[in-house]
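Every read-out reported here was derived from the displayed coordinates using simple, explicitly stated rules and does not represent laboratory data. The model shown is predicted, which means the values in this text are computed figures rather than measured ones. Ideal geometry is used to build each Cβ from the backbone, glycine not excepted, and the neighbour counts take in all protein chains shown.
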Amino acid sequence: MSKATCARLAALSLVWGSVFLWIKIAGYGFPPAQTVLVRLALGAAVLLAIGYVKGLRLPKEKAVWGHLTVAALLGNAIPWTLYAQGEIDGSSSVAAVVNGSAPVWTLATALLLGQEKRVSGARAGGVLLGLGGTALIASPWNSASAGSGGSVLCFVLGSISFGAGFAYMGRFLTGRGVPPLVLAGGQLAAATVLLLVALPFLGLRDVTWRADSVVSVLVLGVVCTGFAALLNFELVIKDGAAVASTVTYLMTAVAVLLGAVVLREPLGPTVWLGAAAVLAATVLLRRGPRPAAEEKAPAPAARPSSACDV
């Protein structure tokens, strides 16, 4: 794994690892649907403004917007709303742990979409090791703050949607010659529209104006959504969807540490063993199959297609 890849993974892990903390605090004052809507709108505004300054414009192709809408539904609107709903009663640590299963669904979707012809033993072992490591980190079976079964179900369904979104982006939104900034801004804009349409059906509730909740929503939108979305697209395009999805393992350690320090959620010695397993899993998942064609390739451009090349 190159230094540039490690740097991108680390940066995105730190930013996204704090998401679960901000969601929890935002939930003290904002209902889930309103939290996600404001988060999406702020994130889209940040990226579209940066794109405008750089002279970039949104794509005009209907096919691109169709794929952006699907990606927005799978990767933003559905999972973010489910996680916000689940954290009303559930802990941020458990949310992060369940979110760690996203690479499983990324690989499953990639197989369905034809991106992955087979899963190597190393990557299969990496998925299992990563899931075991995330479970050790949060130890939900020992946590009194694990929350209700409904909250865990929200986390699971959100993780499935999030993982599928990773694979969909890698399959249909990369290799089109559209700058990552434009793709990220367009996807967040599409997700904002989807939430606006769905908001009357999700139910409008009163907002409790608390300073900590307002700050949390602003951080979620500007930093954890706007700038993180751009970094995520960079990671998907340059390193592949499967590699990008491994950030869910690394961010789990950050999320649990923040939950322990800020929210006083349980943190035991198993965290360190789990963290070691998470790092080992990341290495295993980075190793893909090595077909014979790869050995014959005379230059990088001749390598077999991956999620970032399609």
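One chain, two ends: residue 193 and residue 214. Fully extended at 0.36 nm per residue, the span grows by 5.4 nm beyond their Cα-Cα distance. On the beta carbon distance between residue 283 and residue 54, with R0 = 35 Å, the FRET formula returns roughly 0.50.
The order of 251, 169, going from fewest to most other C-beta atoms within 10 Å of their C-beta, is 251, 169. With neighbours defined as other Cβ atoms within 10 Å of a residue's Cβ, the residues 239, 89, 212 order from fewest to most as 212, 89, 239. Could you tell me which of the pairs 3/54; 62/238; 3/24; 24/54 are separated by over 29 angstrom between their Cα atoms in the structure shown? Long pairs (Cα-Cα over 29 Å): 3/24; 24/54. Going from the residue with the fewest nearby Cβ atoms within 10 Å to the one with the most, 224, 6, 154 rank 6, 224, 154.
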